[in-house]
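What follows is a short report on a single structure.
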Amino acid sequence: MQDDVIVLAGGCFWCTQAVLQRLRGVRRTVCGYAQGHVEQPTYEQVCTGTTGCAEAVQVTYDAQQLPLRVLLEVFFATHDPTTPNRQGADVGPQYRSGIYWTRPQQGELARALIEALQAQRRWPDPIVTEVEPLHRFTPAEPEHQHYHDRHPWAGYCVAVIDPKLVKLRQQFAAWLQPPA
């Protein structure tokens, strides 16, 4: 069976990649820039907030090992889907929450999950995650790929990413890749 691809934007792409790459069935993750109106944007351009791009991670996964619903549950549990254009101290439209699907069934499942999460009142505010077909994805520069793996002791990694990884291990241990 062929692997599936979906693009997820959960604020800083370093955080999103660090979490999602640890899931069983994830074959590949690539940090990059989703949607927007600028072809081949640079990090500096995206940081201006004027490109329409979101920092995102392209996830290639085996749906037989990792159902999309589980992937999306991890995504929602490890970022705040209720804050428009913001994740913690990262502010701007490039830090919005988004699910950019490559197959219509992915979009349908994402919308159904959002509806279920809203009904559960998991957060006090409404979910603002946009769910759209993927129009454009541009890989980010090499220095942004697997940032946490290469800089685990950097201040941002320790303060922002590590707590997300603790939450991942606590809530989704059964879905983690086996240790190498």
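Quick note: the coordinates plus some simple rules give every number you see, no bench work behind them. Please read these numbers as outputs of a predicted model, since none were measured by experiment. Cβ sites come from the backbone with ideal geometry, for glycine too, and all protein chains shown count toward neighbours.
Here are some notes:
- Helix-only [θ]222 nm of the chain, DSSP H runs n ≥ 4, -39500 (n - 2.57) each, per residue, nearest 500: -8500 deg cm²/dmol
- Across segment 39-53, computed HN-Hα scalar couplings (Karplus, 6.51 cos²θ - 1.76 cosθ + 1.60, θ = phi - 60°) run 6, 6, x, 9, 4, 4, 5, 4, 4, 6, x, 10, 8, x, 7 Hz from first to last residue, x flagging Gly and Pro.
- Summary of packing: across the peptides 32-42, 169-179, 17-27, the per-residue average of other C-beta atoms within 10 Å ranks them, highest first, as 17-27, 32-42, 169-179.
- Taking other Cβ atoms within 10 Å as a rough exposure proxy, Trp14, Trp123 sort from fewest to most as Trp123, Trp14.
- With K and R counted +1 and D and E -1, the other residues having a Cβ less than 13 Å from that of Ala63 yield a net charge of +1.
- Among Thr78, Thr29, Thr50, the largest mean-square fluctuation in a Gaussian network model of the chain, built with springs joining Cα atoms closer than 10 Å, belongs to Thr50.
- The residue among Thr129, Val91, His79 whose Cα reaches farthest toward the positive pole of the charge dipole of the chain, with charges on the beta-carbon of Lys, Arg, Asp and Glu, is His79.
- Phi angles across segment 70-86 convert, under the Karplus curve 6.51 cos²θ - 1.76 cosθ + 1.60 with θ = phi - 60°, into 3J(HN,Hα) values of 5, 4, 6, 5, 5, 3, 5, 6, 10, 8, 9, x, 10, 10, x, 6, 6 Hz, Gly and Pro given as x.
- Amide H contacts for Thr82 (H built 1.01 Å from N in the peptide plane; partners 5 or more residues away or on another chain; cut-off under 5 Å): Val128.
- Each Cα pair under 8 Å and six or more residues apart adds its sequence gap; the mean of these over the residue count of the chain is a relative contact order of 31 percent.
- Count Lys and Arg as plus one, Asp and Glu as minus one, and take only other residues whose Cβ is under 9 Å from that of Leu176; the net charge is then +3.
- Debye log10 I(q)/I(0) at q = 0.14, 0.19 Å⁻¹ for segment 4-175, Cα point scatterers: -0.68, -1.35
- Under the convention that each Lys and Arg Cβ holds +1 and each Asp and Glu Cβ holds -1, the size of the dipole of the chain around its Cα centre is about 520 debye.
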